[in-house]
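Q: Right, I'll just put the structure down here and ask away after.
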Amino acid sequence: MNKKRVTLIAFNWANHFSLALGYLKANAQKDKFILKNTEIEIIDFDTETHDARQVVYYLSQNKPDIIGFSCFCWNINKVLETARVVKTIFPHVKIILGGPEVGPIPTKYLEENRFIDVIVKGEGEATFAELLRSYLGKGRLEEIKGISYRVDGQILENPDRPLIEDLSEIPSPYLEGILIPRDKVTYIETFRGCIFRCSYCFEGKNSPKPRFFPEDRIRREIEFIMSNPEIKSFHFVDPIFNLKKERLQKITEMLFAANRFNTELRTIEIIAEFVDEETIALFKKANVKSVETGPQTVNRDTLKNVTRYYDEEKFKKAVRLLEGNGIEVLTDLIIGLPGDNFFKFVKSVKTLINMKPTTIIFSILHVLPGTALYQQSNTFGLKFDDKAPHLVLDTPTFPYEEIDKAVVMAHSLDKEYNIKPSFAFA
């Protein structure tokens with residue numbers, strides 16, 4: 001049997017790379033049959049500088065048999081354009097899509113895009129390996145949990161796949177030599193899932209119980225990354241870095257022991273209300289330089305609508321502690337949450353300005369597939385763009401023109417206050 005050529009593609013922001021695709025390859029290649037009969041390549045393209053024709057030209061030279069795309073709300077349009085052209089030129093190529101944009105609504109994407117062969121629902125590591133075995137003649141598509149697919153023009157949907165309970169089953173793409181660490185854009189994941197149920201977020205609803213990678217694996221990844229003097233900073237992609245004090249203490253000791261080159265941690269996501277003096281000491285020992293946190297809104301009725309935890313006094317104290325100890329604080333506000341209006345949004349802005357964080361990051365609400373707000377959009381009267389990135393357009397309390405006015409106001413803040421705003425309005 002000739003080896004099947006498999007190309008995994010991610011369209012990322014400039015200079016970033018896909019940890020998810022590293023997981024897929026690492027997990028697939030632990031199967032000796034797959035390792036022997038495939039050549040798996042990971043390609044990261046720049047969303048802004050690489051157009052579909054450039055990507056297709058590369059693929060025409062590489063001639064893969066199977067192409068897998070990592071799909072998010074910000075890159076799906078480029079994914080679809082590329083896949084459509086590839087399928088037109090090379091109809092035999094199998095096109096597989098996965099990721100949080102397509103997984104929750106696979107039938108919709110399959111119905112609207114006839115060039116897609118398979119969509120992976122949920123976590124992809126085990127499913128992708130079984131798909132490769134099937135394409136290599138070992139197993140049938142109808143036996144694979146966690147996929148929707150097309151057979152002779154008919155769309156079929158298999159049962160969902162349970163989450164991977166034991167994350168030690170997934171090999172480390174770093175320790176396997178699949179991903180090479182790079183300065184500023186290297187990521188470590190120590191757990192999956194979230195204890196919170198924020199309605200606008202994909203993480204908590206679809207993975208409600210935190211599942212942790214083994215401590216020894218995390219230690220070895222940290223040591224491997226921090227042994228490179230060219231890595232000046234890297235990130236943890238955990239939903240809540242300070243979820244558990246005991247675990248934070250252990251990871252801090254790992255970081256401190258491995259840090260020979262004054263490597264920094266940048267923009268880790270935290271729950272500000274969990275921060276106290278002991279947390280600050282741990283952050284400083286771990287060389288944390290910046291954190292990102294909520295609150296998304298400070299208005300209690302809105303917070304209740306989106307099931308977001310927020311304690312204003314604890315939040316304010318955390319910002320003061322972090323900034324007072326030289327740790328930059330990036331705070332987030334979302335425009336267009338159900339129950340908010342322009343004046344409530346202004347109240348949130350004023351509250352944060354008075355707290356004096358380093359940066360306020362503004363975004364318009366994305367009503368993302370797979371989230372509670374997507375499913376409850378009719379309940380809240382949310383009108384949003386059905387096409388990615390699914391921006392909210394109008395709500396009963398926050399009409400379109402008021403949303404636009406809030407965006408204009410957010411853009412003007414840098415002229416009036418000594419706080420640097422940042423924007424995520426894609």
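The values are calculated or read from the model by the stated rules, or taken from the named source; none is laboratory data. Keep in mind that what you see is a predicted model, and the values were worked out from it rather than measured. Glycine gets a Cβ as well: all are built from the backbone with ideal geometry, and neighbour counts include every protein chain shown. Keep in mind that these areas ignore ligands, DNA and RNA; they rest on the heavy atoms of the full protein, side chains included. Shrake-Rupley method; radii C 1.70, N 1.55, O 1.52, S 1.80 Å.
Q: Has the range 36-55 got at least one residue that is among the small types (Gly, Ala, Ser) and more than 18 Å from Val85 (Cα to Cα)?
A: So far as the range 36-55 goes, no, none of its residues is among the small types (Gly, Ala, Ser) and more than 18 Å from Val85 (Cα to Cα).
Q: For the range 340-395, which positions are of a type in the set (D, E, K, R) and either free of Cβ contacts under 8 Å to residues at least 40 places away in the same chain or within 30 Å of Asp160 (Cα to Cα) (or both)?
A: Lys350, Lys383, Asp385, Asp386, Lys387, Asp394
Q: Do we have any residue at all in the range 227-239 that's free of Cβ contacts under 8 Å to residues at least 40 places away in the same chain, open to solvent by 70 Å² or more (accessible area, probe 1.4 Å) and among the charged types (D, E, K, R)? Quick ask: steps written out before the conclusion?
A: Taking the range 227-239 first, the residues free of Cβ contacts under 8 Å to residues at least 40 places away in the same chain are 227, 229.
Pick out the ones that are also open to solvent by 70 Å² or more (accessible area, probe 1.4 Å) and you get none.
No: zero hits.
Q: Looking at Ile95, Ile89, Ile9, Ile40, can you tell me which residue is farther than 20 Å from Ile147 by Cα, surrounded by 22 or more Cβ atoms within 10 Å (Cβ to Cβ) and among the β-branched types (Val, Ile, Thr)?
A: From the options Ile95, Ile89, Ile9, Ile40, the qualifying one is Ile40.
Q: Considering only the range 160-204, how many residues are open to solvent by less than 60 Å² (accessible area, probe 1.4 Å), of a type in the set (D, E, K, R) and in a loop (DSSP other than H, G, I, E, B)?
A: Selection size over the range 160-204: 3.
Q: Another question about this same structure. So, in the range 240-266, of the ones that are open to solvent by 50 Å² or more (accessible area, probe 1.4 Å) and among the polar types (S, T, N, Q), which residue ends up farthest from Leu322 (Cα to Cα)?
A: Step by step, filter the range 240-266, then rank; the result is Asn262.
Q: Moving on to the next point. Output the number of residues of the range 141-172 satisfying the condition of being under 30 Å from Arg219 (Cα atoms) and touching a strand residue (DSSP E or B) at 6+ places or on another chain (Cβ under 9 Å).
A: The qualifying residues number 6.
Q: Name the one entry in Phe345, Phe384 that is among the aromatic types (Phe, Trp, Tyr), in contact with a strand residue (DSSP E or B) (Cβ under 7 Å, 6 or more places away or on another chain), modelled with pLDDT of 95 or more and open to solvent by less than 10 Å² (accessible area, probe 1.4 Å).
A: Unique residue meeting the criteria: Phe345.
Q: If you don't mind, there's one more thing I want to ask. Does Glu111 satisfy being touching a strand residue (DSSP E or B) at 6+ places or on another chain (Cβ under 8 Å), assigned to a helix (DSSP H, G or I), touching a residue at least 24 places away in the same chain (Cβ under 8 Å) and open to solvent by 60 Å² or more (accessible area, probe 1.4 Å)?
A: Answer is yes for this residue.
Q: Restricting attention to the range 137-159, which residues are loosely packed, with under 13 Cβ neighbours inside 10 Å and part of a loop (DSSP other than H, G, I, E, B)?
A: Passing the criteria: Gly137, Arg140, Asp152, Gly153, Pro159.
Q: Quick one: count up the residues across the range 252-270 that are assigned to a loop (DSSP other than H, G, I, E, B), under 17 Å from the mean Cα position of the chain (by Cα) and at pLDDT 95 or above.
A: So the answer is 1.
Q: Moving on. Quick test of your reading of the structure: Val102 fulfils all but one of (1) within 18 Å of the chain's Cα centre (by Cα); (2) of a type outside the set (Asp, Glu); (3) surrounded by fewer than 22 Cβ atoms within 10 Å (Cβ to Cβ); (4) assigned to a loop (DSSP other than H, G, I, E, B). Name the failing condition by number.
A: Of everything listed in (1) within 18 Å of the chain's Cα centre (by Cα); (2) of a type outside the set (Asp, Glu); (3) surrounded by fewer than 22 Cβ atoms within 10 Å (Cβ to Cβ); (4) assigned to a loop (DSSP other than H, G, I, E, B), Val102 misses just condition (3).
Q: So how many residues does the range 328-342 have that are surrounded by 21 or more Cβ atoms within 10 Å (Cβ to Cβ) and either among the hydroxyl-bearing types (Ser, Thr, Tyr) or touching a helix residue (DSSP H, G or I) at 6+ places or on another chain (Cβ under 8 Å) (or both)?
A: Residues meeting the conditions: 8.
Q: Within the range 312-337, can you find the residues that are in a helix (DSSP H, G or I) and farther than 17 Å from Lys289 by Cβ?
A: Glu312, Glu313, Lys314, Phe315, Lys316, Lys317, Arg320
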